[in-house]
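No lab work stands behind these numbers, since they all come straight from the coordinates. What you are looking at is a predicted structure, and each value in this text was computed from that prediction instead of being measured. No Cβ is skipped: glycine too gets one built from the backbone with ideal geometry, and neighbour counts run over all protein chains shown.
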Amino acid sequence: MTGQIPIWSIFILAVLLFGGVIWVTAQEVTCRPAVDALWTLSSEACVAQPDGYACNGGSAPEVEPVGAGYALANVGGLVDVASLEMIHTPALALDTGIAGVLWARVPQPVHFTALLIGDVRVQDVTPEGFDTWQSIIVQTATEIPACVDVPRSVFIAQVVQDNVATRVVVNGVSIDLLGAMVVYTTPDATVFASLYGGLRILVAGTTTVFWAGQQISIPFSGGDYSSPAGAPLGAVLLDTAALANLPLALLDHPIIMPQPGFVSTQGLVNLRAAPSTDAALLAEVPTGVILSVLGSNPAGDWYHVQTTFGLSGWMFAELLSQNVGTISATYENTPGAPVRFGTPTLTATVIAPDGVNLRDAPDVTFNAVSLVPFGAAVNLVARSPYSPWVSVDYNGITGWLALITLETNAYIDALPIDYNVPPPPEPTRIPGTWGNAFPDPNRPGA
């Protein structure tokens with residue numbers, strides 16, 4: 001959606017749907033209806049917009065050159081990222097009708113998506129002759145929002161393609177990003193927090209590698225964020241309280257907030273669909289693999305974990321080397337993937353030029369039940385736990401198609417997993433040998 005939508009419609013929508021802002025005890029204000037309405041409007045306006053463009057999902061940002069700001073004045077407005085030298089989004093002040101939300105999809109070869117939430121200023125300081133947004137200065141407001149449902153102001157960067165790192169310089173810190181990170185500033189430091197995958201940073205001659213569930217602070221002085229004042233003190237456990245309420249479902253590839261710390265395998269460990277030795281075996285993970293922790297069962301003897309390329313499942317805690325903090329996310333059953341705000345897209349279009357066989361299980365070795373022609377629309381039903389295949393409904397016939405044969409704006413990870421399908425006849429592939437289980441359908445070669 002790219003229409004001209006005024007930001008005040010967010011709050012009208014919030015009032016109509018939820019009856020307005022709710023006040024609670026203990027001097028705390030909750031504005032959840034207005035926040036959810038903002039995220040929904042922003043998501044519908046800017047998710048799945050073209051690579052290489054900035055998309056405004058909230059109030060009009062301040063930009064340089066000034067003329068580019070006219071196109072970003074309304075929700076859904078688009079501007080070529082390469083034309084922007086500076087972006088400054090306003091704070092999330094929902095009581096006054098102001099809300100800064102903006103996507104900046106930086107094109108190849110730098111290639112990452114930035115999400116600006118709240119009062120964030122980004123300056124492109126890339127030297128002449130280098131690629132746009134190769135070097136940027138990020139500064140975020142330090143004020144804590146009055147509403148308990150509003151996140152702090154942050155800059156989030158996420159790679160476009162899993163297993164493909166991007167290099168960018170932020171506040172004078174050279175970063176190899178493989179996944180997703182949050183950046184925010186304090187009066188005397190820049191904090192880099194890893195939410196997915198990992199980070200390798202180089203600053204003051206010191207290289208540090210850290211993983212999802214960790215963060216690092218780098219000192220700055222005098223409010224000058226262009227050059228670090230010293231080396232980092234080392235990675236520490238993720239401060240999840242400081243990052244509460246981040247709308248991670250707004251990312252191009254939504255993720256779950258990791259718990260503080262990480263675990264690693266001490267030998268060959270089974271990854272299972274549920275916290276039980278009777279649950280379906282998803283993969284055998286070799287020794288030395290780093291995994292982020294998404295949660296645990298209430299007993300704490302099983303961890304819900306995720307590999308650096310997105311495969312998730314359960315592992316028996318005693319088999320893991322643990323470097324974790326307090327795990328606040330506990331559950332008996334495996335939670336679903338993060339769901340986008342608003343009405344989810346559950347359709348896809350066949351892009352195989354000669355059509356594609358609809359099969360009775362997720363692999364080319366299984367029987368074909370129908371031929372789906374080029375350009376046909378299908379409804380997405382479920383996904384395979386073993387391979388990049390999805391269950392679809394085509395004119396009342398249910399079967400399986402390889403995701404690479406489809407084009408869709410749907411968030412595939414949010415589909416339910418069908419654990420009842422038979423595995424492929426070949427042995428389960430070792431994690432890391434086939435990358436993300438669900439490649440982007442718009443990049444068939446990924």
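Some observations on this one:
- Angle of helix 8-18 to the longest C-alpha principal axis of the chain, folded into 0 to 90 degrees and rounded to 10: 50°.
- Fewest-first ordering of Asp149, Asp131 by other beta carbons within 10 Å of each residue's beta carbon gives Asp131, Asp149.
- For Leu294, residues with placed amide H under 5 Å, excluding near neighbours: Gln259, His304, Val305, Gln306
- Near Val369, the amide H atoms lying under 5 Å from its own belong to Leu358, Arg359, Asp360; only residues 5 or more places off or on other chains count, and H is placed 1.01 Å from N.
- Protection proxy ranking of 344-350, 383-389, 223-229, 411-417 - average other beta-carbon atoms within 10 Å, highest first: 383-389, 411-417, 344-350, 223-229
- Difference of contour (0.36 nm per residue) and Cα-Cα distance, Ser83 to Ser174: 30.4 nm
- Built amide H within the under 5 Å cut-off of Asn171, gap 5+: Ile136, Ile137, Val138
- When the helices of the chain are scored as -39500 (n - 2.57) per DSSP H run of n ≥ 4 and the total is divided over every residue, the value at 222 nm lands at -2000 deg cm²/dmol.
- Summing Cβ point charges (Lys, Arg +1; Asp, Glu -1) relative to the Cα centre of the chain gives a dipole of roughly 260 debye.
- Compared with the alpha-carbon gap, the fully stretched path from Ser370 to Asp239 is longer by 42.1 nm at 0.36 nm per residue.
- Using 0.36 nm per residue and subtracting the Cα-Cα separation, the extra length available between Thr398 and Val148 on full extension is 85.5 nm.
- Within the stretch 323-404: Cβ-based charge dipole about Cα centre, in debye rounded to nearest 20 (Lys, Arg +1; Asp, Glu -1): 180 debye
- Peptides 233-246, 201-214 ranked from most to least packed give 201-214, 233-246, packing being the mean of other C-beta atoms within 10 angstrom over each peptide's residues.
- Most positive-pole-ward Cα, Ala91, Trp133, Ser153, against dipole of the stretch 91-211 from beta carbon charges: Trp133
- Among beta bridges that DSSP assigns inside the chain, antiparallel share in %, nearest 5: 95 percent
- Positive-pole candidate from Pro422, Phe309, Pro65, dipole of the chain, charges at beta carbon: Pro422
- The angle between the Cα long axis of helix 32-46 and the main principal axis of the chain comes to about 70°, on a 0 to 90 degree scale.
- Relative contact order (percent, whole number), the chain, Cα cutoff 8 Å, 6+ residue spacing: 9 percent
- Residue (of Ala283, Phe210, Ser296) at the positive-pole extreme of the stretch 199-313, dipole from beta-carbon charges: Phe210
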